[in-house]
1. With (1) open to solvent by less than 30 Å² (accessible area, probe 1.4 Å); (2) of a type in the set (Gly, Ala, Ser); (3) modelled with pLDDT under 95 as the list, and Ala366 as the residue in question, which single condition is left unmet?
2. Scan the range 201-236 for residues that are open to solvent by less than 30 Å² (accessible area, probe 1.4 Å), within 24 Å of Tyr261 (Cβ to Cβ) and either in contact with a Ser or Thr (Cβ under 7 Å, 6 or more places away or on another chain) or hydroxyl-bearing (Ser, Thr, Tyr) (or both) and report the count.
3. Scan Asn377, Asn390, Asn319 and give me the residue that is under 24 Å from Gly284 (Cβ atoms) and modelled with pLDDT under 95.
4. Being surrounded by 12 or more Cβ atoms within 10 Å (Cβ to Cβ), charged (D, E, K, R) and either closer than 30 Å to Glu152 by Cβ or at pLDDT 75 or above (or both) narrows it down to one residue among Asp34, Asp79; which is it?
5. Need at least 2 residues that are open to solvent by 50 Å² or more (accessible area, probe 1.4 Å) and in contact with a strand residue (DSSP E or B) (Cβ under 6 Å, 6 or more places away or on another chain) per element, so show me which strands (runs of 3 or more DSSP E) inside the range 271-322 make the cut, counting only ones lying wholly within it.
6. Regarding Asn253, is this residue open to solvent by 30 Å² or more (accessible area, probe 1.4 Å), over 25 Å from Thr332 (Cα atoms) and of a type outside the set (Phe, Trp, Tyr)?
7. Return the residues of the range 373-400 that are among the aromatic types (Phe, Trp, Tyr), more than 25 Å from the chain's Cα centre (by Cα) and surrounded by 20 or more Cβ atoms within 10 Å (Cβ to Cβ); say none if nothing qualifies.
Amino acid sequence: SPDEGWQVYTSAQAPDGKCLCTAVIPVQGTCSRDLRSHQLRQLMEKVQNISQSMEVLDLRTYRDLQYVRNTESLMRGLDSRLKVAAESQKSLNARSFQELKDKMTELLPLMPVLDQYKSDTRLIVHLKEEVRNLSGSLLAIQEEMGAYDYEELQQRVLMLEARLHACMQKLGCGKLTGVSNPITIRASGSRFGSWMTDTMTPSADSRVWYMDGYYKGRRVLEFRTLNDFVTGQNFVQHLLPHPWAGTGHVVFNGSLYYNKYQSNIAVKYHFRSRSVLVQRSLAGAGYNNTFPYSWGGFSDIDFMVDESGLWAVYTTNQNAGNIVVSRVDPQTLEVLHSWDTGYPKRSAGESFMICGTLYVTNSHLAGAKIYFAYYTNTSSYEYTDIPFHNQYSHISMLDYNPRERVLYTWNNGHQ
């Protein structure tokens, strides 16, 4: 994190779509106790300098080569004229002599180009020597790699992977144009429920959380991997201190965000410490089936996460039952900003956020489609017509995971 001195120096998208990030390691920090860290930093600086020199050299060489090619015909003409003059000095009258002088004048700009080539030749020799020295230093460091703390390096890699993924997601934001047919992972539990993976952790963490039912539930099952979830094995149980309402829960950065039963209170439960870190009321938000989705099930308050963070979707009496989208601070659960979409929540089957845009289905039953999109970046909306295959005819949970770019759904007892 930035307070440790780490920083993303640059981020950009390559032509092939890959995300390229340059991360700068901290000058002081856990690495500084390593005797080789100073030498590594010097090597990194040298590699950067060599890369920049090579780029400049490449551009300059290309430019100068073009100029030499352009003057090639001029030099050939001058050469033939000089041969004629050498063979017969009588032919060299005043006019011919002036023409030769003019040709020579045209070639004068070639002199600094050739001088630059001489300089570049010396630079290439110097760079070759630098690369040879670097190779030797890197080989010496490679032999001493056993001195590094493997666990610490692995944690750094996982952190960078998570940030790289976040970078990729921000670069890849656009408008939803289609949804593939669903893949049934498992058939289990009652007709209603929710299941999810963490929306922020690195790809190496593939834990799955499972919450059966929508009414007064407190039991959360944590499966070690997706395969364990499929087989129903290797899980631990969390018993929440407060029961939940609805199915609009989300796991974000190691914590579960959910609506406390018979209230408009948002709860943040931390899995590792098995404790509630914070809870806060969403001012004016309806609860207890006051403003649910069309299928009911106490789905008044729906938490979701996309590329830009944590959101709460709900409605209030003040905005006449239309869907409200609120950006929520994941640490304090404070509402940062809200938008009134103008879309009646009771007419919505389900909804999900992608890249700051709320997408709403027009039904929870068969024949549903993604019918409405609200763009928080412009505070505008449009009606859409995106087919959505509702395989088991009754959806009670629908959430987007930005880490995997998939929609998780609970569809009539199927996940």
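1. So the condition that Ala366 fails would be (1).
2. Qualifying residue count, the range 201-236: 4.
3. Values: Asn377 fails: under 24 Å from Gly284 (Cβ atoms); Asn390 fails: under 24 Å from Gly284 (Cβ atoms).
Within the list Asn377, Asn390, Asn319, the selection yields Asn319.
4. Numbers: Asp79 fails: surrounded by 12 or more Cβ atoms within 10 Å (Cβ to Cβ).
It is Asp34.
5. On the way: elements: 275-281, 302-306, 309-314.
Result: 275-281.
6. Numbers: open to solvent by 30 Å² or more (accessible area, probe 1.4 Å): yes; over 25 Å from Thr332 (Cα atoms): no; of a type outside the set (Phe, Trp, Tyr): yes.
Answer is no for this residue.
7. Hit for the range 373-400 is Phe388, nothing else.
Table: residues versus (1) open to solvent by less than 90 Å² (accessible area, probe 1.4 Å); (2) within 30 Å of Gln42 (Cβ to Cβ); (3) at pLDDT 70 or above; (4) touching a Gly at 6+ places or on another chain (Cβ under 9 Å).
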{"position": "Val84", "(1), (2), (3), (4)": "yes, no, yes, no"}
{"position": "Glu106", "(1), (2), (3), (4)": "no, no, yes, no"}
{"position": "Pro109", "(1), (2), (3), (4)": "yes, no, yes, no"}
{"position": "Tyr148", "(1), (2), (3), (4)": "yes, yes, no, no"}
{"position": "Glu151", "(1), (2), (3), (4)": "no, yes, no, no"}
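The values are calculated or read from the model by the stated rules, or taken from the named source; none is laboratory data. Keep in mind that what you see is a predicted model, and the values were worked out from it rather than measured. When we count neighbours, we look across all protein chains shown, and the Cβ atoms used for this are built from the backbone with ideal geometry, even at glycine. Ligands, DNA and RNA are excluded from the accessible area calculation, which covers all protein heavy atoms including side chains. Shrake-Rupley method; radii C 1.70, N 1.55, O 1.52, S 1.80 Å.
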